[in-house]
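For reference, the structure discussed in these notes is given below.
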Amino acid sequence: MATPYKRILLKLSGEALLGEQGHGIDADILSAYADEIKAVKEAGFEVSVVIGGGNIFRGVKGATEGMDRVQGDYMGMLATMINSMALQDALERKGVHTRLMSAIRMEEIAEPYIRRRAIRHLEKGRVIIFGAGTGNPYFTTDTAASLRAIEIEADVILKGTRVDGIYDSDPEKNAEAKMFDTITGEEVLNRRLDVMDLTAFTLCRENKTPIIVFNMNTPNNLLKVVTQSEQVGSTVVWDKS
């Protein structure tokens, strides 16, 4: 089956890097994710990544109780940079050329985010990792993923999770939960399903950017999603047809 995608944005949660640990980064999971990304890159796709910082920031959240929200959000952005640097190192070790671009200027470790430069990196076959969210407080990394995907004209947002797709209820709590192969954005909103935060979801709806939610921890799932070689995950579409 021919794939409609060429340029993708992969959204990963920081918590996914925890593995069985209580905090930090599981080296085996990081390496496995790098292998998945490398396989997609070698298949000819243009790849960009946004990764959260929950595995780092949640570990220090107790220390931020009562802290100013803006200060806490900037700490979260720095946590995403730690994960982004770790993923960049894992990819480079496997021979994948990368660029880490930060929404907050920190030239010693990352390029500043410039849209035209990001697109050029993709055209040259480099994997881009977007760090530090949007660079602004009050916005999640889901919103950063939606914003960057729209800016670089990505064909799809792939949200890698620890569940197989979008369900009508929490599959970790309800064994009878039903998974959707395809679901409209309107139905996601009506059912109040937790796909992305509302700001991120609205950005995708306004720009008709499809979203695919899938299990990143199943080997080869990422490649199957982008090549459309078999049905994997749940796709959010914006037209009822």
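Can you work out the Karplus-derived ³J(HN,Hα) for every residue in region 43-51? Use 6.51 cos²θ - 1.76 cosθ + 1.60 with θ = phi - 60°, whole Hz, and x for glycine or proline.
Here the 3J(HN,Hα) series is 7, x, 8, 8, 10, 10, 9, 10, 10 Hz.
When you take every Cα atom in the chain, what is the radius of gyration, and what is Dmax, the widest Cα pair distance, in Å?
For the chain, the Cα radius of gyration and maximum Cα-Cα distance read 17.0, 53 Å.
Please report the relative contact order for the chain, taking Cα pairs under 8 Å with a sequence separation of at least 6, and give it as a percent rounded to a whole number.
For the chain, the relative contact order is 22 percent.
Under a point-charge model restricted to the Cβ atoms of Lys and Arg (+1) and Asp and Glu (-1), what is the dipole moment magnitude of region 89-167 relative to its Cα centre, in debye to the nearest 20?
180
Starting from the amide H of residue 102, placed 1.01 Å from N in the peptide plane, find each other amide H under 5 Å away whose residue is 5 or more places distant or on another chain.
Under 5 Å from the amide H of residue 102: 111, 113, 131.
From the P(r) of region 108-214, can you give the percent of Cα pairs sitting at distances over 17 Å? List each step's numbers first, then the result.
Numbers: 3347 of 5671 pairs.
That fraction is 59 percent.
Read-outs throughout are calculated quantities, based only on the coordinates presented, and are distinct from any laboratory measurement. Remember, it's a predicted structure, so these values are computed and weren't measured experimentally. Ideal geometry is used to build each Cβ from the backbone, glycine not excepted, and the neighbour counts take in all protein chains shown.
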